[in-house]
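We did not get these values from a lab; they are worked out from the coordinates using the rules stated. In this text the structure is predicted, and so the values were computed from the model without any measurement. When we count neighbours, we look across all protein chains shown, and the Cβ atoms used for this are built from the backbone with ideal geometry, even at glycine.
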Amino acid sequence: MRKSKEELEAAICNVLGIGKKNALSRSDLVVITGASDRQIREAIESLRRNQDILTLPEGNGYFIAEITLQG
């Protein structure tokens, strides 16, 4: 069964870790959510408009930004 856009975005938010050390690759997200790579890319793009979702400098993982005293 295909997930709606909202369900996929919620699933991604629920599995993404906080901080670089907890980054997940797109292929990890494909396996975890059961969505296609394209669906993951589109969901991440949409989530970035409202969430602090970052990419590792090498481009091989996504994570939620840490909230620190330094900002």
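Values computed for the structure shown
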{"item": "Separation of the LEU56 and SER36 label points, Cα + 7 Å toward Cβ, nm", "result": "2.6 nm"}
{"item": "GluC sites (Glu not before Pro) within the chain, DSSP loop, no more than 11 other Cβ atoms inside 10 Å", "result": "GLU58"}
{"item": "Length gained when the stretch ASN14-ARG48 is fully extended (0.36 nm per residue, less Cα-Cα span)", "result": "10.8 nm"}
{"item": "Largest-first principal axis extents of the Cα set of the chain (Å)", "result": "43, 22, 16"}
{"item": "Test item: Cα-centred dipole of the chain, Lys/Arg +1 and Asp/Glu -1 on Cβ, debye", "result": "100 debye"}
{"item": "Relative contact order computed over the chain (Cα-Cα under 8 Å; 6+ residues apart), in percent", "result": "37 percent"}
{"item": "Inter-probe distance in nm under a simple model that places probes 7 Å from Cα toward Cβ, at SER27 and ARG2", "result": "2.5 nm"}
{"item": "Cα long-axis angle, helix 37-47 against the chain (0 to 90 degrees, to the nearest 10)", "result": "50 degrees"}
{"item": "Sparse-neighbourhood loop sites, trypsin sites (Lys or Arg not before Pro) in the chain - DSSP loop, at most 11 other Cβ within 10 angstrom", "result": "ARG2, ARG49"}
